[in-house]
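Take a look at the structure below.
The values are calculated or read from the model by the stated rules, or taken from the named source; none is laboratory data. None of these values were measured; they are calculated from a predicted model. Cβ: placed from backbone, ideal geometry, glycine included. Neighbour counts: every protein chain shown. Areas reflect the complete protein model, heavy atoms only, side chains present, ligands, DNA and RNA absent. Shrake-Rupley method; radii C 1.70, N 1.55, O 1.52, S 1.80 Å.
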Amino acid sequence: MSAMDPIDSFLFYLSRALCSPLAVFIQIQGCFICLTLALGWACAAYVRNREIKRLKDSMQDGNSFAFLCHDIDELEHFNQIKLPRVSVVMPLKGFGEHNLHNWRSQITSLYGGPLEFLFIVESTEDPAYHAVSRLISDFKDEVDAEIIVAGHSTTCSQKIHNQLVGVEKMHKDSKYVLFLDDDVRLHPGSIGALTAEMEKNPEIFIQTGYPLDLPSGSLGSYCIYEYHMPCSMGFATGGKTFFLWGGCMMMHADDFRQDRYGVVSGLGDGGYSDDMTLAAIAGAHKRLITSPPVAVFPHPLASDLSFPRYWNYLRKQTFVLESYISRVNWIMNRALFTSHCYLSWGFVMPYLMSMIHITAALRIYIKGYTYDEATITSGGLVLVATLSTCTLIELLSMWNLTRIEVHLCNILSPEAPRLSLASYNWALVFIAMLVDNFLYPISAFRSHFSQSINWSGIRYHLKDGKISKIERSKDTGPKYTDLGGKHLYGKKGAPTKVSFLSSLARTLAQWHQPKKFDS
C-alpha cells in the first residue's frame, strides 16, 4: 500500500466535502430536474401518441386522407367552398440549403379554401428575393403568391416590420393570417388543421406549433435540439398553452386590421420578438393560445452548423428576455431569467461533482489504498449511481418523445422522405445537454449587460425593453444566419422542381376558383 500523496489527499478531501448536506442537496436537486424533464416529455409523448392512434383508427375506418382532416366528408366540394380565406405571411432573410424545400411545402398546402402567400423581404438584394421569385414563377398557375419588398425597419425588428407590412398587404377578405418562418416545413394538412381549430373555437387568439429539430451531426446542432426539447412539452398539450413559437402563429386578421388588444402598436413600437410580445399581450388580456397535437413540424438544421453559430443563436434567445412591453411583462421575464439560470447551473453542477467522486474512486483503485481510505468516496459513488439512473431515465424519455414525433410527422406527410431516429447520436445529445445548460447563464448575463444584439447583420439596441437604435452594416455583420446556415448576401437561389403535391393543390384550388384554370 502506497502512502497518499498531497494531490490525492486534496482530491479525497474534496470528494468527502461534496457529501456534505448542502452538496447532497445540490446533487439530489439535479436528479429531481432530470426526473421532472422525463415526466414532462412522457406527458408530451402521450399527447402526440394519442393523435397517432386517432389517425390510425381513422385510416382503418376507411379515411385514407386522415392526414388532411378527421372526417373525409370535409373534402367534399360543398364543404371546401365554405372554408375561410387565409393569408400566409412569411418574413424572409437570406437563403440556405433547406429553404426551397420548406417554401415548397408551404405553398403546396392541400388547404381547399382561398389561400394567398405573401413572401416579405427587406430588399431585392436579399438572396431570398431571387430564390422566391423563381419558386413563384414555377407555381404561377397553381398558387396565389406574391413577393413584397418591405424596406428597412426603423422602429422594430426587421422580422416584425416584414410581418406588419405583410398584414397591410393581405387580402381584404382574409379571415385568418398565418405567420410562418422560412425554416418551417409544413405538412399538407397543416393549414387546414389550424383553420379548423380556429373555426371550431372563435375564442382562440393565437394558434401555434413547434419544430422537431433534425440535428445535422455537429455539436452545435445538437445543442439547439437540446435547447428546444424542454420547451416542446409546453406545446404538446393538445390544446391550451401559455407558450408561443413565432415560427407558426395563426391569428384573426381583424385583430390586425383593428389593432385589437394593441397587437400592431405593441409589435411596431420598439418590438424585438414577435412571439414574446404577442404572448405578453395574450396574457395581459387573458386571451387564449392553443397548440393542436398535429402542429409539430420537421426542422432540419444546417449540415455545416458550427458552434459559433449556435452561440449566436443562444445569444438571440437569451436577449429576448431583455425586451418587454409592460411592467408585468418585465417581471415575468426577470422570473424566467432567474429560474432558467438557476436550473441550468443546477443541472450541470451535479455532473461536475460526480466527476470528482469518480476520479477519487479511480485513484483509490489504481493506487491500491486501504479500505479505510476507500470508504471516503463510497457515499459519493452512491450519489453518482443515483444521478446516472436519473439521467438514463431522462434520455430515454427524450428519445421516446422524439421517436413519437418523428412517427407523427411521417404520418402527416406521407409523400415526404421518411424521417428516422437512426441519425441521432445520443452521446452527443448528453454532451449538448451539459454544454447548453452551462452556457445559458453566461449568455443570459451577457445579454443583460450588453443590451444589444447582432441579428442577421443588423444590430439592435434596447432601452426600457424596446428597440431604441438600429445599426446596419454588411461589412461587419455575419454572412450566415444560425440555424439554416443561410447566406445573407450573394446567393441567388436555385431552380426548383414541381412536386406531386402541387397537382393536388391545383385540384383543390380549381374547386374554389374554376375560372382561373379554365384555360
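Below, the figures for the structure above:
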quantity	calculated
Identity of the residue in the stretch 292-349, hydroxyl-bearing (Ser, Thr, Tyr) and more than 30 Å from ARG104 (Cα to Cα), that ends up nearest to the chain's Cα centre (by Cα)	THR318
Single match in PHE297, PHE242 (criterion: in contact with a strand residue (DSSP E or B) (Cβ under 7 Å, 6 or more places away or on another chain) and surrounded by fewer than 21 Cβ atoms within 10 Å (Cβ to Cβ))	PHE242
Test: residue in the stretch 313-335 that is crowded, with 16+ Cβ neighbours inside 10 Å and touching a Pro at 6+ places or on another chain (Cβ under 8 Å)	no
Any hit, the stretch 17-38, residues being over 30 Å from LEU362 (Cβ atoms) and either touching a helix residue (DSSP H, G or I) at 6+ places or on another chain (Cβ under 9 Å) or at pLDDT 95 or above (or both)	yes
Complete set of residues in the stretch 207-252 that are outside any loop (DSSP other than H, G, I, E, B) and among the hydroxyl-bearing types (Ser, Thr, Tyr)	THR208, TYR210, SER221, TYR222, TYR225, TYR227, SER232
Residues within the stretch 394-420 that are touching a Phe, Trp or Tyr at 6+ places or on another chain (Cβ under 8 Å), closer than 26 Å to VAL348 by Cβ and open to solvent by 20 Å² or more (accessible area, probe 1.4 Å), tallied	3
Tally, over the stretch 276-292, of residues that are small (Gly, Ala, Ser) and surrounded by 21 or more Cβ atoms within 10 Å (Cβ to Cβ)	3
Within the stretch 74-112, considering residues that are open to solvent by 10 Å² or more (accessible area, probe 1.4 Å), touching a strand residue (DSSP E or B) at 6+ places or on another chain (Cβ under 8 Å) and closer than 19 Å to TYR176 by Cα, the one modelled with the lowest pLDDT	TYR111
Any hit, the stretch 190-207, residues being open to solvent by less than 30 Å² (accessible area, probe 1.4 Å), under 30 Å from LYS469 (Cβ atoms) and in contact with a helix residue (DSSP H, G or I) (Cβ under 8 Å, 6 or more places away or on another chain)	yes
Top-ranked residue in the stretch 149-188 [being touching a Phe, Trp or Tyr at 6+ places or on another chain (Cβ under 9 Å) and surrounded by fewer than 16 Cβ atoms within 10 Å (Cβ to Cβ); ranked as farthest from LYS469 (Cα to Cα)]	GLU168
Segments classed as helices (runs of 4 or more DSSP H), wholly inside the stretch 53-149, with at least 3 members that are touching a residue at least 12 places away in the same chain (Cβ under 8 Å) and under 19 Å from ALA416 (Cα atoms)	99-107
Residue within the stretch 363-372 that is at pLDDT below 95, in contact with a helix residue (DSSP H, G or I) (Cβ under 6 Å, 6 or more places away or on another chain) and either surrounded by 14 or more Cβ atoms within 10 Å (Cβ to Cβ) or among the basic types (Lys, Arg) (or both) present	yes
Tally, over the stretch 285-313, of residues that are assigned to a helix (DSSP H, G or I) and at pLDDT 95 or above	0
Filtered residues of the stretch 87-99 (kept if in contact with a Ser or Thr (Cβ under 6 Å, 6 or more places away or on another chain) and more than 10 Å from LEU118 (Cα to Cα))	LYS93, GLY94
